[in-house]
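*Asks:* What follows is a structure written as structure tokens; I'll ask about it next.
The values are calculated or read from the model by the stated rules, or taken from the named source; none is laboratory data. Just so you know, these numbers come straight off a predicted model, no measurement behind them. FYI the Cβ positions are ideal-geometry reconstructions off the backbone, even for glycines, and counts take in every protein chain you see.
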2 protein chains.
Amino acid sequence: MEYAIGLMSGTSLDGIDVALVEIKPDDLTFYRLHDFISVPLTLEMKQSIKEALAPETSDVRQLCSLNFELGYLFADAVKTLCDKHGLATASLNFIASHGQTVYHLPDALPGLIPSTLQIGESSVIAEMTGTMVVSDFRYRDMAANGQGAPIVPFSEYILYRTENTQRILQNIGGISNATIIPAGASLEQVLAFDTGPGNMIIDELCRHFYQTEYDADGAYAAAGQVNQALLATFMSHPFIQKVGPKTTGREEFGQQYVEELLQTFPNVSANDWLHTATLFTAKAISTSLAPLIEGQCELIVGGGGSYNATLIAMLQAELPNVKVMIQEDLGHSSEAKEAMAMVVLGHHTLHRLPSNVPSATGASHPVILGKVTY
Amino acid sequence: MEYAIGLMSGTSLDGIDVALVEIKPDDLTFYRLHDFISVPLTLEMKQSIKEALAPETSDVRQLCSLNFELGYLFADAVKTLCDKHGLATASLNFIASHGQTVYHLPDALPGLIPSTLQIGESSVIAEMTGTMVVSDFRYRDMAANGQGAPIVPFSEYILYRTENTQRILQNIGGISNATIIPAGASLEQVLAFDTGPGNMIIDELCRHFYQTEYDADGAYAAAGQVNQALLATFMSHPFIQKVGPKTTGREEFGQQYVEELLQTFPNVSANDWLHTATLFTAKAISTSLAPLIEGQCELIVGGGGSYNATLIAMLQAELPNVKVMIQEDLGHSSEAKEAMAMVVLGHHTLHRLPSNVPSATGASHPVILGKVTY
């Protein structure tokens, strides 16, 4: 058995995700997660990255240095996971590193062209581990007029596609988004789009009513009841009314949105709020998906929202003809999903095969993603 | 015959150097310059790059966009030269791109680690030309504790090494530097170091006395005579006294240095100044090289200084046992040298062979330079 490692460092700065994946060098369909760790970033490093993210506080010298610093951190993260398994880093088949996004500009602005910037120097990772590195996966899709995102749908296609069942990969993070893989689909038939708010309204209400970060297991929501007037107001949101592939941002369902609604409905109880908001979250997803469901269908939920049992139950109720599952039901891991996706992309790069999904990113054609550092 | 293109964009912002080079895909010693152009940068682009170079005026958003903008410019430069020869860009064997250095930090500073940053997105070049790109040549050497510079000595070793003659590649730009390739040398025996001021004192004096940018053909110097007191003062410069491999910067022989000397020697005529400064420039080089000359030796001068006939004649007089030549005497081109060097480096990268010169950069061991974008 050979191993590859996938590295992901998200914009939430939660830490460096490291997935150790079993691969077969010449088999582009076999990927089995062997282990996963998330290496936390120090407060100092989080601060450095935050400064690098903002035009106001960033500069070329700091970015020059931080690119190398993150390279060393990523290499250390690889070593940590390899050490745990008694593996020499140089024995890995390859490392696939997403890098830390410090800027992403999908659309032109005055004086600026569509572009993206990830840092975490691949040459440093290659040098410190003695292993070939594939990196910089978003650039080529943007060069082909794509948005450089999402880049996970390709690995979802490789890992989840079946001949006879439509599968929908439903990610529920702060916002929610879905990848639809028709039964027996070719890559061109894969769709990916946002499906509305994820946990962000629920989390905001938990902070407001309970000073907690989230509704563990959906317990508060389960203890409440639906408020029809509030639900109707939620459902009048322009995002729900939009037809066809949609995109949304944190600002549409953020703190300001929730605070305004709280003022409009001052007499609804905390748990009714949470029940109704959770139901709205489920309905936002189900109304986005419903027109696209075909025949036998499995909805596989990942992300933090997959651990909200009330939300999952509501989703199942809204989509009675769909089998609703979570990643763990299939032996996968929500946490490791993105880092593992890097391995799938990197492996295709090394075989000089495309791995963007033009129907998801808007790219004009399939392209080979990434750069190889020997 | 197959072709590769080398791209170089120097810190002087003179333009984008593009070298079309004949190669044999499986022969790592054959490189023949076919044509060379330098594509000027617009004033607007020069201004953007200057802003990106300085910590005070740079930011992450601008660097994100400029990385892509330069990628498109580099791709256009490739197309321009290919069009001239009726070549399809996709027919090139590969493109090797140095990129625009926006920061180079060979030594740590408080809060910053040794690092380097070149931009000009390789994914954009690959996408726009339909050809594989090798880029980012300096990073890996720095990851191996090298200075990431100089990177030209390897190509000099490949292109100029002979079995029976020691060859010294003497570059005379603003400052001067040399690569010494012993007869029958292995790569480990190659030395590279700074040899003192190049044209910068001469140019500064031309601006002072004649409001011209340089001494064309060395005509002013040829019309003057040596002033021994001034020469003695020049020769007392600490750089000349230093023994062993040296480095120098523009600040050591810059405007301030010249202005102070002008005040000390107010009665020396303009042409005597230029004659003496040119002689000093030659002596700085010859005293650096003399202890290292062995047997039959050819000194091959490149850079702007190679067109200063007085300087070349003085160099020959200072080194009577050495055959002093200029690049053009060997059928090479000073202008195309760095862009052509990229082709040599890129070709070695594609064959997964090292191309740094640890004895020149200080790297702990030979490493494969660059990243490959398919």
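*Asks:* Can you tell me how many residues within the stretch A:23-52 are in a helix (DSSP H, G or I) and of a type in the set (Lys, Arg)?
*Replies:* Selection size over the stretch A:23-52: 2.
*Asks:* Keeping to the stretch B:41-74, report how many residues are away from chain A (no Cβ under 11 Å) and closer than 18 Å to A:PRO110 by Cβ.
*Replies:* 3
*Asks:* Another question about this same structure. Exactly one of (1) assigned by TED's automatic domain parsing to the domain that holds A:GLU294; (2) in a loop (DSSP other than H, G, I, E, B) is unmet by A:THR131. Its number?
*Replies:* (1)
*Asks:* Say we look at the stretch A:1-22 and pick out the residues that are of a type outside the set (S, T, N, Q) and in a loop (DSSP other than H, G, I, E, B); which of these is nearest to A:SER155 (Cα to Cα)?
*Replies:* Ranking the qualifying residues of the stretch A:1-22, first place goes to A:GLY10.
*Asks:* Shifting gears a bit: Do we find that A:SER288 is under 25 Å from A:LYS242 (Cβ atoms), surrounded by fewer than 19 Cβ atoms within 10 Å (Cβ to Cβ) and in contact with a strand residue (DSSP E or B) (Cβ under 8 Å, 6 or more places away or on another chain) in this structure?
*Replies:* no
*Asks:* Checking A:LEU117 against (1) in contact with a Phe, Trp or Tyr (Cβ under 6 Å, 6 or more places away or on another chain); (2) more than 12 Å from every other protein chain (Cβ to nearest Cβ); (3) in a strand (DSSP E or B), only one condition comes out false. Which one?
*Replies:* All conditions pass for A:LEU117, except number (2).
*Asks:* Another one. Would you mind telling me which numbered condition in (1) of a type outside the set (Phe, Trp, Tyr); (2) closer than 30 Å to A:GLU127 by Cα; (3) in contact with a Phe, Trp or Tyr (Cβ under 6 Å, 6 or more places away or on another chain); (4) buried (at least 20 other Cβ atoms within 10 Å of the Cβ) B:VAL367 fails?
*Replies:* (3)
*Asks:* Sort out which residues of the stretch B:341-361 are under 22 Å from B:GLN166 (Cα atoms) and either outside the structural domain of B:LEU33 (by TED's automatic domain parsing) or buried (at least 18 other Cβ atoms within 10 Å of the Cβ) (or both), and write them in order of number.
*Replies:* Across the stretch B:341-361, the qualifying residues are B:ALA341, B:VAL344, B:SER355, B:ASN356, B:VAL357, B:PRO358, B:ALA360, B:THR361.
*Asks:* Between A:THR349, A:THR361, A:THR310, which is touching a helix residue (DSSP H, G or I) at 6+ places or on another chain (Cβ under 6 Å) and within 14 Å of chain B (Cβ to nearest Cβ)?
*Replies:* Result of the check over A:THR349, A:THR361, A:THR310: A:THR361.
*Asks:* Just a yes or no: is a residue in the stretch A:121-128 surrounded by fewer than 24 Cβ atoms within 10 Å (Cβ to Cβ) and facing another protein chain (nearest Cβ under 9 Å)?
*Replies:* Looking for residues that are surrounded by fewer than 24 Cβ atoms within 10 Å (Cβ to Cβ) and facing another protein chain (nearest Cβ under 9 Å), one finds at least one in the stretch A:121-128, hence yes.
*Asks:* Give the residue that is nearest to A:SER355 (Cα to Cα), with candidates limited to residues of the stretch A:132-163 that are among the acidic types (Asp, Glu) and within 14 Å of chain B (Cβ to nearest Cβ).
*Replies:* Among those residues, the one meeting the criterion is A:ASP141.
*Asks:* Can you name every residue in the stretch A:164-173 that is in a loop (DSSP other than H, G, I, E, B) and either modelled with pLDDT of 95 or more or within 14 Å of another protein chain (Cβ to nearest Cβ) (or both)?
*Replies:* Answer for the stretch A:164-173, where residues must be in a loop (DSSP other than H, G, I, E, B) and either modelled with pLDDT of 95 or more or within 14 Å of another protein chain (Cβ to nearest Cβ) (or both): A:ASN164, A:THR165.
*Asks:* If you don't mind, another one. Against the definition (of a type in the set (A, V, I, L, M), free of Cβ contacts under 8 Å to residues at least 60 places away in the same chain and surrounded by 18 or more Cβ atoms within 10 Å (Cβ to Cβ)), how does B:LEU319 come out, yes or no?
*Replies:* Yes.
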